[in-house]
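Here's the structure we're looking at; comments come further down.
The values are calculated or read from the model by the stated rules, or taken from the named source; none is laboratory data. Every value quoted in this text rests on a predicted model; they were computed, and no experiment measured them. Note that each Cβ is placed from the backbone with ideal geometry, even for glycine, and that neighbours are counted across all protein chains shown. Each accessible area value is taken on the protein alone, full model and side chains, heavy atoms only, with ligands, DNA and RNA left out. Shrake-Rupley method; radii C 1.70, N 1.55, O 1.52, S 1.80 Å.
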Amino acid sequence: MARKIVAGNWKMNKTVSEGVQLVEELKNELAKANASDVTVVVSPPYVSLTEVVKTAAGSQVEVSAQNVHQEASGAYTAEVSADMLKSAGVGYVIIGHSERREYFAENAVDIAKKIDAVIAQGLTPIYCCGEVKEERESGNQNAIVGGQIKDELFHLSDADFEKVVIAYEPVWAIGTGLTASADQAQDMHAFIRGFVADKFGKVIAKETSILYGGSCKPTNAAEIFSKPDVDGGLIGGAALNATDFVGIITAFN
Ligand code: PEP
C-alpha cells in the first residue's frame, strides 16, 4: 500500500516567526486529531527551514524544501544544494512545481537532475506534474503528464524510483479555486499508476504515493481522498492555516 501523505507548500508566505507559530499550532491540532497514519509535511521558504525543523522535531510533522539546485556546489548565486538541505534537517524536496516551470523556466533536463541530486542525498522528492488548461480542454492531459513523467523520472533505477512521491497538480486548478472533480483526479491517478507499472512493475506502482494538488480544501478533500488511487494531497493556500490543514489531513475515510 502507498503511504498516505499530506504535504503543505507554503510558497513565498510566512516569516520565520510566523512559520514557527504555524508549526506549533499544527502540532497542537494534530495531537487532538486521529491521523497518526498520515505523513504530514510542511514546506516553508528556505530561510525558515532550520527553525521549522527545530520546532517540528519529535512530532508528526516532517519538513520539505520547495526547490533545490541540481549542482552540488559552486558559483550559483542564491541557490541551495541538496546536501545543504540535508544538513538543515530537511527530509523532502518539492521538485518541478508548475510555478517553478512557468516563472523560472525549469525544464525537463533541470528537473531530472534535481531528482537525482535529491535522491543522492537520501532525501525524498515530491515530484510535481500536471497539464495546463488548454491541454485539458483538448483532451491531451494523459499524454502531457505521461510525457513529463517519462522525461523526468524514467531514467531512474527501480530502487531510486521507489523513493519518489508523485504530486499530480492540474495547473488550471492551482490557486484558482477550481478543483479537479474527484473523478478527474482518480482518472489521472489511475493513468499515472498504470504508466508507472508499465515501466517499473505493478508492485512498485502500488507502493508509489500519488498526491492530488489544486485548490484542495477541508470541504473537498474527503471526496478526493476517497478515490482508490489518491494517496493524499499537496496543499497550497489551505496549508497556511493549521485548522484548515488539519481538516485536510483528517479527511481520509
Ligand atoms: C500548489 O501550489 O501546489 C497548490 C496545490 O496550491 P493550492 O492548493 O493553493 O491550489
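Which percent of the accessible heavy-atom area of the chain goes to carbon and sulfur, probe 1.4 angstrom?
Exposed carbon and sulfur together represent 51 percent of the surface.
Enumerate the aspartates and glutamates that residue 114 could reach by cross-link, defined here as Cα to Cα under 14 Å, with residues fewer than 8 away along the same chain left out.
71, 79, 83, 106, 151, 152, 160
Give a residue-ordered list of calculated ³J(HN,Hα) values for the range 189-203 (Karplus: 6.51 cos²θ - 1.76 cosθ + 1.60, θ = phi - 60°; whole Hz; x for Gly, Pro).
5, 5, 4, 4, 4, x, 5, 5, 4, 4, 8, 10, x, 5, 5
At 7 Å along Cα-to-Cβ for each site, give me the label-to-label distance between residue 13 and residue 190 in nm.
Spacing of the two 7 Å Cα→Cβ label points: 3.3 nm.
Kindly sort 126, 174 by accessible area of their heavy atoms, largest first, with the probe set to 1.4 Å.
174, 126
Run the quick spin-label model on residue 24 and residue 59: label points 7 Å from Cα toward the beta carbon, then report their separation in nm to one decimal.
1.0
For a quick check of your reading of the filter: which trypsin sites (Lys or Arg not before Pro) in the range 87-127 sit in a DSSP loop and have no more than 13 other Cβ atoms within 10 Å?
none
Suppose only helical runs count, i.e. DSSP H with n ≥ 4. What mean residue ellipticity at 222 nm does that imply for the chain under -39500 (n - 2.57) per run, divided by all residues and rounded to the nearest 500 deg cm²/dmol?
-13000 deg cm²/dmol
For residue 132, project a label point 7 Å along Cα to C-beta. Then give me every residue of the range 206-248 with its amide nitrogen under 19 Å of that point.
214-215
Relative contact order for the range 4-252: what percent, with Cα pairs under 8 Å and sequence separation of 6 or more?
It rounds to 21 percent for the range 4-252.
Could you compute the FRET efficiency for residue 83 and residue 199, with r as their C-beta to C-beta distance and R0 at 45 Å, rounded to 0.05?
The calculated FRET efficiency here is 0.95.
Per-residue accessible area for residue 158 at 1.4 Å probe radius, Å² rounded to 10?
So the heavy atoms of residue 158 present about 80 Å² to solvent.
State the Cα centre-to-centre distance between the range 1-55 and the range 211-253 in whole Å.
So the separation of the two Cα centres works out to 14 Å.
Using heavy-atom solvent-accessible surface (probe 1.4 Å) with all chains present, what is the largest-first order of 64, 181?
181, 64
Take the Cα pairs of the range 4-252, get the Kirkwood Rh, then feed it into Stokes-Einstein at 20 °C and 1.002 mPa s and tell me D in µm²/s.
Translational diffusion coefficient: 119 µm²/s.
Taking all protein chains together and a probe of 1.4 Å, list 10, 172 from the most accessible to the least accessible.
172, 10
Using a 1.4 Å probe, what is the accessible area per residue for the range 154-253, in Å²?
39
Straight-line reach only, C-alpha to C-alpha below 22 angstrom: list the lysines that residue 217 could link to, leaving out same-chain residues fewer than 8 apart.
Cross-link targets: 4, 11, 14, 27, 32, 133, 227.
At a temperature of 4 °C and a viscosity of 1.567 mPa s, determine how fast the range 29-158 diffuses translationally according to Stokes-Einstein, using the Kirkwood radius over alpha-carbon pairs as Rh; express D in µm²/s, rounded to the nearest whole number.
For these conditions, the coefficient is 81 µm²/s.
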